[in-house]
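Read through the structure below, which is laid out as structure tokens, and then see the notes.
The values are calculated or read from the model by the stated rules, or taken from the named source; none is laboratory data. The shown structure was predicted, so the numbers you read here are calculated from the model rather than taken from an experiment. Quick reminder, even Gly has a Cβ in these numbers, built from the backbone with ideal geometry, and neighbours come from all protein chains shown. All accessible areas refer to the heavy atoms of the entire protein, side chains included, with ligands and DNA or RNA removed. Shrake-Rupley method; radii C 1.70, N 1.55, O 1.52, S 1.80 Å.
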Amino acid sequence: MAVQALDAARLPVDWAKLVQKLALATALFVVAYGVVPAYASGYLVEAILLPFLALSLAAVGLNLLTGYCGQLSLGSSAFMAVGAFGAYNFNLRVEGLPLAVTMILAGISAAGFGVVFGLPSLRLRGFYLAVSTLAAQFFVQWALTKFGWFSNDNPSGVISAPHLAVAGLSLDSATGRYLLSVTTVMVLTALVWRLVNSATGRNFIAVRDNETAARVIGVPVLRTKLLAFAISSFIIGIAGVLWAFTYLRTVEPAGFNLDRSFQILFIILIGGLASIRGAFLGAAFIVVLPLFLSRLGAFLFGGLFDSGVLDMSQRIVLGALIIIFLIAEPSGLSALFDRLKRRIGSRSS
Amino acid sequence: MIGASLGAAAYERASEISAILAVANPVGDRRLARLSSRPDVVLALSGIGISFGGVKALSDVDLEVEVGEIRAVIGPNGAGKSSLINIISGLYHADRGRIAIGGQSFSRVPASRLARLGVARTFQNLALFGGLSVRNNIACGRVHTRRASFVEHIAGLPRARSEDAGIAEKTDQIVAFLHLESVADRLVATLPYGLQKRVELARALVAEPKLLLLDEPMAGMTATEKAEMAGFVRAARDRHGVTIILIEHDIGVVMGLSDRVAVLDYGRKIADGTPAEVRADPAVIRAYIGTAEGENGEDIR
Ligand SMILES: Nc1ncnc2c1ncn2[C@@H]1O[C@H](COP(=O)(O)OP(=O)(O)O)[C@@H](O)[C@H]1O
Ligand SMILES: [Mg+2]
């Protein structure tokens with residue numbers, strides 16, 4: 001379903017659709033820059049929007065690699081860590097580096113790292129590739145705890161995020177961090193959208209759908225895979241910066257463990273592979289699910305429903321949902337969303 | 001990225017060098033040198049052999065293909081026809097023998113350079129990109145002509161845009177040529193089998209190859225679809241001047257279509273000539289009567 005959207009660009013201009021799209025984009029801007037900063041509570045921003053934005057961006061990045069290019073990765077969390085620690089160190093060690101440059105450099109570090117750990121993809125496929133990307137996960141955790149330099153020799157290894165400011169304007173408030181996050185996510189998502197609708201994006205899909213045919217018609221398969229790793233890791237690295245700087249407010253290796261990699265993979269499985277919208281739907285789902293479960297649990301079982309039970313019930317629900325989605329709706333929430341829209345459309349007409 | 005492309009280049013270089021170092025065969029080499037220097041020979045195979053485990057899929061096969069001809073290669077299932085195509089396109093590496101494509105001689109054809117050598121192919125089992133539309137599948141057939149980087153694509157710079165426009169125009173021409181207009185914007189995976197086969201032909205033709213390898217383009221089709229496909233194959237040769245190797249296991253389909261026919265049986269070439277010569281050849285008759293599908297030539301992929 002999601003891939004169908006790719007081809008919309010080829011259709012003759014449909015004015016009604018164009019107007020609809022413009023209206024949608026305007027609404028998005030009004031909500032993102034008007035309604036949310038003005039009315040959203042601190043809780044909504046800190047506990048829901050900030051993790052939602054960072055995870056969405058990471059999922060967009062992973063979807064590029066796994067959904068579009070077909071390369072399964074369990075290293076997302078490692079690439080996030082490289083981005084976060086990269087940004088921390090660039091900020092610490094280079095005087096007066098603008099925040100945007102810091103973030104781009106962090107993304108580039110993650111991209112370089114992604115290419116190195118993407119090399120096995122030239123030989124390995126599917127499950128075996130996923131296992132080899134675990135190496136990235138373990139290597140990064142090991143290096144970050146082993147070499148104190150990365151955490152500026154802080155004995156606990158937990159360092160607080162630096163001041164955030166753009167052009168002298170402080171972004172340390174919840175609203176400021178939200179604005180930084182939402183702007184970063186929108187800009188990068190727009191770029192990814194352009195990419196997946198370009199010839200490069202179609203190369204990704206060609207490699208995913210039939211590598212042999214892709215090679216024979218002249219798709220540079222090796223280069224395409226490494227490019228997918230590089231761009232995907234760049235985006236996931238910047239998502240790591242957002243995660244640490246705007247949401248956690250600390251930079252620590254434990255924030256980027258294997259659980260996080262699985263979480264991002266689950267987001268794109270639930271949201272829908274090869275769909276940008278799916279990354280956002282999946283992330284929203286994953287962020288809201290524990291809040292929903294804890295409310296529901298407290299309502300049904302009162303005090304019996306403590307955080308341990310919550311954690312376990314969350315795992316069970318998530319596991320069951322993933323199995324259901326893989327069997328019944330492999331195209332994820334994004335496809336469900338499309339179907340719902342069509343049904344509403346046909347009823348109203 | 002630089003490291004990546006260097007790595008890829010080194011990999012290709014290495015396979016070319018190993019190709020040069022491959023087993024020498026003076027007699028075959030001289031024959032091949034003579035053939036490949038003739039401008040009217042698009043492809044020349046000499047002494048091709050390949051085996052899989054104990055199975056000799058091909059032994060000592062020679063074949064020349066002249067400019068502008070439709071050259072059929074027929075034979076029962078398992079005769080080695082697909083292996084031959086896979087060797088020409090570099091997906092399999094022959095144990096023995098050499099392949100000359102347009103004057104360049106290889107013992108291992110570099111598959112990643114195949115399109116730039118002027119060779120395009122279709123696959124016996126469909127090999128389309130299921131997640132792309134018909135039009136985008138076809139457009140992928142010209143990917144070897146693209147130079148713009150992903151940054152140029154994202155930024156929509158002039159080179160990327162002009163490449164896109166040029167490829168869109170060629171794609172439209174092929175879509176019209178193969179009557180695919182009505183399905184051009186559909187996801188290719190949603191099309192019926194016969195149409196998917198046609199899209200694969202379109203993806204190969206849009207590359208404007210000198211040599212087109214078709215591996216059973218009509219297998220599994222209805223009689224009407226077969227006739228239609230035969231028409232397209234002939235039109236591709238007549239209008240686009242492309243030289244064609246047509247693999248078929250059904251002797252009937254190729255008789256009216258091809259200029260010359262080579263017959264494979266158990267990996268050996270048992271006959272080669274005009275359709276009439278081949279049909280009268282006692283070895284061919286024996287091979288075909290000896291197999292189950294000799295009577296009606298129907299095959300389920
Ligand atoms: N990749 C492969 N691995 C093992 N055996 C193969 C492979 N490809 C072909 N063969 C064997 O080689 C023989 C010829 O196969 P093929 O070239 O596909 O024949 P055809 O296309 O004429 O039906 C068969 O016995 C087949 O099993
Ligand atoms: Mg075959």
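Computed quantities for the displayed model
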read-out	value
Nearest-10 value in Å² for the accessible area of B:Thr190, using the 1.4 Å probe	80 Å²
Exercise: per-residue mean of other protein chain Cβ atoms within 10 Å, A:185-198	2
Charged-residue dipole, Cβ positions (Lys, Arg, Asp, Glu), chain A about Cα centre, Debye nearest 20	1000 debye
Given 16 as the ceiling on other Cβ atoms within 10 Å, longest exposed-site-free region of chain A for trypsin sites (Lys or Arg not before Pro) in DSSP loops	A:126-248
Of B:Arg279, B:Arg121, B:Arg198, the one that fluctuates the most in a GNM where chain B has Cα springs shorter than 10 Å	B:Arg279
Shape category assigned to chain A from the gyration tensor of Cα positions, a/c cut at 1.5	rounded
Residue-averaged beta-carbon neighbours from other chains (10 angstrom radius) around B:124-134	6
Solvent-accessible area buried by pairing A with B, both sides, nearest 100 square angstrom, 1.4 angstrom probe	3000 Å²
Shape call, chain B: gyration tensor on alpha carbons, a/c limit 1.5	oblate
Leading residue at positive end of dipole, the protein assembly as shown (Cβ point charges), from B:Thr224, A:Gly83, A:Phe266	A:Gly83
Carbon plus sulfur fraction of accessible area for the protein assembly as shown, probe 1.4 Å, in percent	63 percent
Whole-angstrom gap from the stretch B:48-100 to the stretch A:90-128, using each part's C-alpha centre	45 Å
Relative counts (whole %) of C-alpha pair distances in the protein assembly as shown, using bins that are 10 Å wide	3, 14, 22, 22, 16, 12, 8, 3, 1, 0
Accessible surface, per residue, of the protein assembly as shown when the full set of protein chains is kept, probe 1.4 Å, Å²	45 Å²
Dipole-positive endmost among A:Ser41, A:Val115, A:Asn63 within the protein assembly as shown (Cβ charges, Cα centre)	A:Ser41
Euclidean distance between Cα centres, the stretch A:144-222 to the stretch A:298-349, Å	27 Å
Tensor-based shape of the stretch A:1-132 (alpha-carbon gyration tensor, a/c under 1.5 rounded, otherwise prolate or oblate)	oblate
Top positive-direction residue, dipole computed over the stretch A:40-348 with Cβ charges, set A:Ala130, A:Gly319, A:Ser334	A:Ser334
Kyte-Doolittle mean at least 0.0 and Cα axial length at least 24 Å: DSSP H helices in chain A	A:76-93, A:99-118, A:126-146, A:174-196, A:221-242, A:276-301, A:307-328
Whichever lysines have a C-alpha closer than 18 Å to that of B:Lys210, once near sequence neighbours (fewer than 8 apart) are set aside	B:Lys170
